[in-house]
Amino acid sequence: MITSSSELLNPELPEKLDRVQIPVVEATDESLKGFGCLVEKQEDQEIEIVRWPHQGWREVDPDTGNEGGTTEGIFEGEWKGDVLYGSNQAVSGNYTLGYAVDPEQSDETHQRDPEHLLLWHANYHPDGGQLFFPLDKNPFLCPLALPGDDVQPKDFIAFLCDGSQGLYIHPNIWHEGIFPLKGKQRFFDKQGAVHARISIDFAREFNCLLEIKIPAQS
C-alpha cells in the first residue's frame, strides 16, 4: 500500500527481488480491446468520467456525480542511467517508474541504453480514463492489466506503440505511465481531475519486479 505520494519518487525497495517477465505485444486496436484504444488526434478523444458511486439503495441524482471534469499537462519519462523517472504536470506528480537493473545496483551516471525495464509499482484510476499522446514521435511501452483488485504480476502485458499514435486507457485499467525505450520522451496527458489512485506495490506484495525486455531499435 502506498501511504504517500513521496513513496512514488523514493520507493526504498528491498533488495534481491524476484523477476516476473511479462510479454511485449504490438499495440493495435485489436490487441488493446478491453484496455483502451489507439488515438489519431488528441483533440478527438473523449475522456470517460465515472459517476460517483451511490452507497445505499438511493441512486445518485441524474447529471450529478460526474462533474469533476478533466485535467491536462505534459507527462515526461526520462532515463538517467539505469533509472527511469517520470513527471506528470497534470497532477503535479513525480515518480521513479522503473530500473534497467536490480535497484540496489542502479547507476545514474552512465549513458548506456537500457535493455530491460524493471517495474515496481502500478495503479489504476476509478474516476476516469487517461490519454497519452506522444509529442516526440518515438516508440514507447505501456504495461497494462485488466480491472480487478486481485490482479497478479503475470496478468500484465507490455504494449509497444510505434509513436505515431496516442494511447487511451479506460477507467480501472492497471497501468504505470508511459515508458520511453531510451532517453527522454514527452506526452500530452489528459485524465480525470479527481485523480483517485489505487496502487499495487509488486516489490512488497509479491517480492518481485515486473521485467520487460526492451525491444531492439533500428
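One chain, two ends: Leu146 and Ser5. Fully extended at 0.36 nm per residue, the span grows by 48.4 nm beyond their Cα-Cα distance. Take Ile198 and Asp107, extend 7 Å from each Cα along the Cα→Cβ direction, and tell me the distance between the two endpoints in nm. Distance between label points: 4.2 nm.
Going through segment 43-128, which trypsin sites (Lys or Arg not before Pro) have at most 15 other Cβ atoms within 10 Å and a DSSP loop state?
Passing sites in segment 43-128 are Arg51, Arg58, Arg112.
Phi angles across segment 87-97 convert, under the Karplus curve 6.51 cos²θ - 1.76 cosθ + 1.60 with θ = phi - 60°, into 3J(HN,Hα) values of 9, 10, 5, 4, 10, 6, x, 10, 9, 9, 7 Hz, Gly and Pro given as x.
Stretching the chain fully between Lys80 and Asp44 yields a gain of 9.6 nm (0.36 nm per residue, less the alpha carbon separation). Measuring from a point 7 Å past the Cα of Lys16 along Cα-to-C-beta, which residues in segment 190-218 have an amide N at less than 18 Å? Only 203-209 pass the distance filter. Scalar couplings 3J(HN,Hα) for segment 116-124, obtained by applying the Karplus form with A = 6.51, B = -1.76, C = 1.60 to θ = phi - 60°, are 9, 10, 10, 9, 9, 8, 8, 7, 9 Hz; x denotes Gly and Pro. Taking only Cα atoms and a 10 Å spring cutoff, compute GNM fluctuations for the chain and point out the largest among Leu167, Leu118, Leu17. Of the options given, Leu17 has the highest mean-square fluctuation. Sparsely packed loop sites in segment 10-104 (the chymotrypsin sites (Phe, Trp or Tyr not before Pro) outside DSSP H, G, I, E and B with at most 12 other Cβ atoms within 10 Å) comprise Trp57.
Summing charges over neighbours of Asn66, with a neighbour being any other residue whose Cβ is under 12 Å away from its Cβ, gives -4 when K and R count +1 and D and E count -1. Taking a point 7 Å from the Cα of Gln89 along the Cα-to-Cβ direction, the residues of segment 111-154 with backbone N closer than 18 Å to it are 131-137.
Percent of C-alpha pairs per 10 Å bin in segment 17-128, short distances first: 10, 27, 33, 20, 8, 2.
Which residues among segment 61-97 fall inside the zone where the amide N is under 13 Å from a point 7 Å beyond the Cα of Trp52, along Cα→Cβ? Backbone N within reach: 61-69. Report the normalised scattering of segment 155-218 as log10 I(q)/I(0) at q = 0.26 Å⁻¹, calculated by the Debye formula with identical scatterers on the alpha carbons. Cα-only, vacuum Debye calculation for segment 155-218: -1.44.
Once C-alpha pairs closer than 8 Å and six or more residues apart are averaged by separation and normalised to the residue number of the chain, the relative contact order reads 32 percent.
Cβ under 9 Å from Asn88's Cβ, Asn88 left aside: what net charge do those residues give with Lys, Arg +1 and Asp, Glu -1? Residues near Asn88 contribute -2 overall. Beyond 14 Å, the tail of the calculated P(r) for segment 1-65 holds 80 percent of the Cα pairs. Counting only other residues whose beta carbon sits under 12 Å from that of Val24, what net charge do I get with K and R as +1, D and E as -1? Every neighbour counted, the sum reads -1. In straight-distance terms, cross-link reach from Lys182 covers every one of the lysines whose alpha-carbon lies under 16 Å from its own, apart from those fewer than eight places away in the same chain; here that gives Lys80, Lys137, Lys213.
Values in this text are rule-based calculations from the coordinates and carry no lab data. Predicted model, so just to flag it, every value in this text is computed and none were measured. Cβ coordinates were reconstructed from backbone atoms using ideal geometry, including for glycine residues, and neighbour counts include every protein chain displayed.
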